[in-house]
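Read the structure below first, then the notes.
FYI, it's all coordinate maths here, none of it is from the lab. A quick note: this is a predicted structure, and the numbers were derived from the prediction, not measured. Positions of Cβ are backbone-derived with ideal geometry, glycine not excepted, and every protein chain shown enters the neighbour counts.
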There are 2 protein chains.
Amino acid sequence: MIIIYFSGPEGILQSIKITDMIRHTVVFKLVHPKSSPEEKLFLDAISKLSAIPGVENFELLKQISRENNYDYGLSMEFATAKEYEDYNRHPDHIRFVETFWKTEVADFLELDYAPLI
Amino acid sequence: MIIIYFSGPEGILQSIKITDMIRHTVVFKLVHPKSSPEEKLFLDAISKLSAIPGVENFELLKQISRENNYDYGLSMEFATAKEYEDYNRHPDHIRFVETFWKTEVADFLELDYAPLI
């Protein structure tokens, strides 16, 4: 991360942070009924992705807007694209996708964010 | 927010935070060409929503995944549903929606998140 300091209006010191941070988010809906044991097993399994090296600020969330049909959200951050690539290729991530994601997710959308500079 | 403390494995004190936090996010695409003056005017206008009372952790982001067709993301948090409602009804928000959002946004999706407890 690079921080640039500059003199703003009325000479007040301001700063811009230049960062390579990537926030990887996925919003999804499961094939399982709400509050079922299968749903719990899936959510336990997805939570363990937080232990993969490079994963920061991991969050498993409820999606609550009625403007869409998704039920859950996953959000995690990587310091740079390198950590994100390593996560995608990590055996624990690949195993989770094969064992749980491919068969238990009814619908999903992937949204990745970077700072707008 | 309520914090519940309990005795975890080996008697270590653990805590669960019960919060009403809502993260309101919108991912969108503009009608304007990239790097155009019209795009800049829109992004300047949307940035000013951060000044509406109750808005916390305001972020304007680039959407960078090729798995979807959106270009920008907006993320903000509210302490409770009350602050979110007040934001939606705030004259500055309504004016922004009427003046910019309705005519300059080509496509969007709203996703709102709450902690998964």
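General remarks:
- Relative to the longest principal axis of the Cα atoms of chain B, helix B:37-47 runs at roughly 30 degrees.
- Per-residue ellipticity at 222 nm from helix content only, as computed over chain A with -39500 (n - 2.57) for each DSSP H run of at least four residues, stands at -6000 deg cm²/dmol.
- Across q = 0.13, 0.14, 0.21, 0.23 Å⁻¹, chain B modelled as identical point scatterers on its alpha-carbon atoms has Debye log10 I(q)/I(0) values of -0.60, -0.67, -1.20, -1.36, in the order of the q list.
- Comment: the Cα-to-Cβ extended label point of A:P33, at 7 Å, lies 5.6 nm from its counterparts in the other copies, nearest first.
- Other copies of B:R95: label-to-label distances in nm, shortest first, labels 7 Å along the beta-carbon direction: 5.7
- For the protein assembly as shown, the alpha-carbon coordinates run over 56, 38, 37 Å along the three principal axes, in decreasing order.
- Chain B: Lys pairs at Cα distance under 19 angstrom, eight or more positions apart or on different chains: 11
- Take B:N68, move 7 Å from Cα toward the beta carbon, and the resulting point lies 0.4 nm from the same point in each other copy, nearest first.
- When the charge dipole of chain B is built from unit charges on Cβ atoms (+1 for Lys and Arg, -1 for Asp and Glu) and taken about the Cα centre, the candidate among B:S50, B:S15, B:A114 whose Cα reaches farthest toward its positive end is B:S50.
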